[in-house]
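Read the structure below first, then the notes.
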Amino acid sequence: MKIEERSEGPAVVVSPAGRLDAVGAPDLEARLAAVAKTGPGRLVVDCREVAYISSAGLRALLLGARACLQTGCDFAVAALRPECRSVLDATGLLMVLDCPETVEDALAAPAAESPREAEVGRGFAIAERQLERAVLLTLDGRLEGRNAPILTERIFAAVGRGSTRVVLDCEGMGYVDSSGLRALLVSAKLCNEKGGRLVLAALLPECLSVLDMGGFTSVIDYFETREAALTALG
């Protein structure tokens, strides 16, 4: 895979060309991480010359989004070909990542708040434990727009290792917005497609009411305690 890079004012455009698969994805992942560390205002992945995206490629994009989240720059995946866009659509990533139709649209998008103003990456953490019956992810903080990709990436990574049964312990999750709800749906869909299951446990009343009103509790199984969720998966 060939990867080019250029600056556009406060933004950096990274342009991969070829197949974004298990062979090419690590190179893109490394390049995105390196660019994110330089702290541009926006990092745009120009996918006009990407002919194919595999699960490894999706993971590279998610890790790029996470790297940008940690440094406080905006992240966008632009100009996807129809065949590649359909892959992101099928996995639900179109709802998680910013995917404008053109690079120009991505560059013209208004800048987000600065890291200090938005407290990027603050107030949210995930602890992971590999148990005999499932992967237990303990969420702490606010599951919202700029944090949701962190959860999605962790679950993609777990599923990639073959751990398709996932319990989300939400006792420490004090808030969830529409982006967080989409991340939960994307993650549950992925686990189901791989023959596994994702369940929620110990939601606080205010978060449970949000999921309830949106009908999410009829799509994703919920248990009052972590122990009950683990028993159900066993």
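The values are calculated or read from the model by the stated rules, or taken from the named source; none is laboratory data. Small disclaimer: the values here were computed from a predicted structure and weren't measured. Glycine also receives a Cβ, built like all others from the backbone with ideal geometry; neighbour counts cover every protein chain displayed.
Residues in segment 211-232 that are free of Cβ contacts under 8 Å to residues at least 40 places away in the same chain, buried (at least 18 other Cβ atoms within 10 Å of the Cβ) and assigned to a helix (DSSP H, G or I): LEU211, PHE216. With the condition kept exactly as written, say whether any residue in segment 178-200 is over 18 Å from ALA134 (Cβ atoms), touching a strand residue (DSSP E or B) at 6+ places or on another chain (Cβ under 8 Å) and not hydroxyl-bearing (Ser, Thr, Tyr). Yes: one or more hits. Selection of segment 132-149 for residues being of a type outside the set (D, E, K, R) and over 20 Å from ARG226 (Cβ atoms) yields GLY145, ASN147, ALA148, PRO149.
Looking at segment 118-133, which of the residues that are modelled with pLDDT of 55 or more, in a loop (DSSP other than H, G, I, E, B) and not basic (Lys, Arg) is surrounded by the fewest Cβ atoms within 10 Å (Cβ to Cβ)?
Taking segment 118-133 and keeping what is modelled with pLDDT of 55 or more, we get 123-133.
Filter again for in a loop (DSSP other than H, G, I, E, B), leaving 123, 131-133.
This time we only want the ones that are not basic (Lys, Arg), so: 123, 131-132.
Working: GLY123: 13, LEU131: 13, GLU132: 6.
Checked segment 118-133; the qualifying residue surrounded by the fewest Cβ atoms within 10 Å (Cβ to Cβ) is GLU132.
Given the structure, is VAL167 out of contact with any Ser or Thr (no Cβ under 8 Å at 6 or more places or on another chain) and surrounded by 18 or more Cβ atoms within 10 Å (Cβ to Cβ)? Spelling it out, VAL167 is indeed out of contact with any Ser or Thr (no Cβ under 8 Å at 6 or more places or on another chain) and surrounded by 18 or more Cβ atoms within 10 Å (Cβ to Cβ). Checking segment 150-165 against the condition returns a match, with at least one residue being in contact with a helix residue (DSSP H, G or I) (Cβ under 6 Å, 6 or more places away or on another chain), among the polar types (S, T, N, Q), part of a helix (DSSP H, G or I) and touching a residue at least 12 places away in the same chain (Cβ under 8 Å). Listed by position, the helices (runs of 4 or more DSSP H) enclosed by segment 1-117 that each have at least 1 residues that are of a type outside the set (S, T, N, Q) and within 24 Å of ARG154 (Cβ to Cβ) are 25-37, 55-71, 82-91.
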